[in-house]
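A.B. asks: To start, I am sharing the structure in question, which I have written as structure tokens.
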Amino acid sequence: MALTDWSKSHILFALRRLRERLWARPLVMCVLSIGAVFCATLADRFAPAEFLPRIQADSLESLLTIQASSMMVIATFAVASMVSAYASASTAATPRAFALVVADDVSQNALSTFIGAFIFSIVALTASQNGFFERAGMFTLFALTLFVFAVVILTFVRWVDRIARLGRMGSTIEAVERATAQAMRRRSAKPLLGGVPMRPLQARGEAILASRVGYVQHVDVDALQACTEASQARVQVVALPGAFAAPGVALAYLQLPPGAKDDVDRERLAAAFLIGNQRQFDDDPRFGLVVLSQIAGRALSPAVNDPGTAIDIIGTLVRLFAQWAEPVAAVDEAAGINHRVEVPALAVQDMFDDAFTSLARDGAGSIEVAIRLQKAFRSLARLDDAPIQQAASLHARTALERARLALALPQDVRTLEALAADWLEQPDAPAEPVRA
């Protein structure tokens, strides 16, 4: 897809990826630093020099020399500390959380400030030694240098507090929860991604196949609408963000009305599905649930044996599903401009499978985790949301059956059964297995 074909959503998705690149903000700060030095020369043209204090070039150059040498050391130290935090997050939590740790605003702003201050000092020192400034320009450059010093000190103090927490388990869990909550809010506001509901009992039509292996990261519904507008065709999306794609796997189905002119560009339709090697949090709420479940699974492994972290994750999942159940002012997608693009809604049962299936399996032998799971399902079953209530009841029964098979002490089993009996109606038939 050419750049001119990109819609607003596609461009915003690409810009959000820049937050995960460590070079983006330092590059901007370098440009701003160089621009600030040369803007100081404007003071020689417009500022009344006779009213400004005279700044000696030697004193300013000494100050800039100290700043340049110290900023390089601090920037190197910052990079080493951030790399250590990234490695800690990948080892203690899960490698899937790496992108969120890299995108930490405080750390990126700190690194950008240190590098920007270094570039500012080098450029300003070179310009001053070559007589680039007059009296007003030297005073302006001195004021800018003091301002840069103040910004560096404040940034360093704030960054030290942040780097002490970055990469720790609690900080990583909070980052994943925050990213998942944002993805859920976006999906709640646009449950059909800007399209319309799928029509039941409709013929599939012509399959639009993927051309590469990877995960669907973003679906440009606006581009799909634009491709089908002239021919009055309809598109049924079957690969939502997070779906695995491969050559021969359908991303969508194209339906042409009888007798319509077939001028739909299939390549543009396929290009509307952005496929990458990894799943992204932005448009994929289920990915955040999977990552949280993986963190809990690692905590419950025999090598770590940390049920407390798994219990914290259970509380996080309850908060996220409670947010999902809150009523939102959803966009009236049926009356929107993308009326030719049919998109399926997220299934709550699938979200519960992502969040709780592996957690209930790995924590079945821990009475603390099993009790917390039953309490979590009880809380979710009390939400005013029928799909969540049904999914909570199903997973509560399944988790109870897993615990019965895994717990060695009969007293633990009776305690768990008594807790479940307070709210869960036990069916006569065996519990329905969780879908894969």
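A.B. asks: Please state which one of Leu373, Leu394, Leu424 is modelled with pLDDT of 95 or more, farther than 23 Å from Asp306 by Cα and either out of contact with any helix residue (DSSP H, G or I) (no Cβ under 9 Å at 6 or more places or on another chain) or of a type outside the set (Gly, Ala, Ser) (or both).
C.D. replies: Leu394
A.B. asks: Does Ile208 satisfy being surrounded by 14 or more Cβ atoms within 10 Å (Cβ to Cβ), under 27 Å from Leu292 (Cα atoms) and of a type in the set (Val, Ile, Thr)?
C.D. replies: Against the criterion (surrounded by 14 or more Cβ atoms within 10 Å (Cβ to Cβ), under 27 Å from Leu292 (Cα atoms) and of a type in the set (Val, Ile, Thr)), Ile208 does not qualify.
A.B. asks: Please determine, by comparing only the residues of region 39-54 that are part of a helix (DSSP H, G or I) and surrounded by 13 or more Cβ atoms within 10 Å (Cβ to Cβ), which one is modelled with the highest pLDDT.
C.D. replies: Selected residue: Cys39.
A.B. asks: Follow-up. Determine if region 242-256 includes at least one residue that is β-branched (Val, Ile, Thr), over 24 Å from Ala391 (Cβ atoms) and surrounded by 21 or more Cβ atoms within 10 Å (Cβ to Cβ).
C.D. replies: Within region 242-256, not a single residue is β-branched (Val, Ile, Thr), over 24 Å from Ala391 (Cβ atoms) and surrounded by 21 or more Cβ atoms within 10 Å (Cβ to Cβ).
A.B. asks: Is it the case, given these coordinates, that Pro191 is at pLDDT below 90 and of a type outside the set (D, E, K, R)?
C.D. replies: no
A.B. asks: Would you be able to say whether some residue in region 71-82 is within 30 Å of Pro302 (Cα to Cα) and surrounded by fewer than 21 Cβ atoms within 10 Å (Cβ to Cβ)?
C.D. replies: Checked region 71-82: at least one residue is within 30 Å of Pro302 (Cα to Cα) and surrounded by fewer than 21 Cβ atoms within 10 Å (Cβ to Cβ).
A.B. asks: Out of everything in region 260-317 that is basic (Lys, Arg) and touching a Ser or Thr at 6+ places or on another chain (Cβ under 7 Å), what residue ends up being surrounded by the most Cβ atoms within 10 Å (Cβ to Cβ)?
C.D. replies: Arg298
A.B. asks: Here's another thing I want to ask about it. Being farther than 25 Å from Asp282 by Cβ, small (Gly, Ala, Ser) and touching an Asp or Glu at 6+ places or on another chain (Cβ under 9 Å): is that true of Ser128 here?
C.D. replies: For Ser128, the condition - farther than 25 Å from Asp282 by Cβ, small (Gly, Ala, Ser) and touching an Asp or Glu at 6+ places or on another chain (Cβ under 9 Å) - is met.
A.B. asks: Within region 352-387, count every residue that is in a loop (DSSP other than H, G, I, E, B) and either buried (at least 21 other Cβ atoms within 10 Å of the Cβ) or in contact with a Gly (Cβ under 7 Å, 6 or more places away or on another chain) (or both).
C.D. replies: Number satisfying all stated conditions: 2.
A.B. asks: Given region 159-271, what helices (runs of 4 or more DSSP H) lie entirely inside it while holding 2 or more residues that are within 17 Å of the chain's Cα centre (by Cα)?
C.D. replies: Because the criterion is at least 2 residues that are within 17 Å of the chain's Cα centre (by Cα), the helices (runs of 4 or more DSSP H) in region 159-271 that meet it are 169-189.
A.B. asks: So Ala87 passes all but one of these: (1) at pLDDT below 90; (2) surrounded by fewer than 16 Cβ atoms within 10 Å (Cβ to Cβ); (3) over 19 Å from the mean Cα position of the chain (by Cα). Which condition number does it fail?
C.D. replies: Of everything listed in (1) at pLDDT below 90; (2) surrounded by fewer than 16 Cβ atoms within 10 Å (Cβ to Cβ); (3) over 19 Å from the mean Cα position of the chain (by Cα), Ala87 misses just condition (3).
A.B. asks: Kindly check whether there is at least one residue in region 104-116 that is within 30 Å of Ala181 (Cβ to Cβ), of a type in the set (Val, Ile, Thr) and surrounded by 19 or more Cβ atoms within 10 Å (Cβ to Cβ).
C.D. replies: Scanning region 104-116 turns up at least one residue that is within 30 Å of Ala181 (Cβ to Cβ), of a type in the set (Val, Ile, Thr) and surrounded by 19 or more Cβ atoms within 10 Å (Cβ to Cβ).
A.B. asks: Just to check your reading of the model, which residue among Ala299, Ala272 is under 24 Å from Arg16 (Cβ atoms) and either in contact with a helix residue (DSSP H, G or I) (Cβ under 6 Å, 6 or more places away or on another chain) or at pLDDT 95 or above (or both)?
C.D. replies: Matching residue, one of Ala299, Ala272: Ala272.
A.B. asks: Has region 206-220 got at least one residue that is within 18 Å of Val341 (Cβ to Cβ), of a type in the set (Gly, Ala, Ser) and touching a strand residue (DSSP E or B) at 6+ places or on another chain (Cβ under 8 Å)?
C.D. replies: Within region 206-220, one or more residues are within 18 Å of Val341 (Cβ to Cβ), of a type in the set (Gly, Ala, Ser) and touching a strand residue (DSSP E or B) at 6+ places or on another chain (Cβ under 8 Å).
The values are calculated or read from the model by the stated rules, or taken from the named source; none is laboratory data. A quick note: this is a predicted structure, and the numbers were derived from the prediction, not measured. All Cβ positions, even for glycine, are placed from backbone atoms using ideal geometry, and neighbour counts span all protein chains on display.
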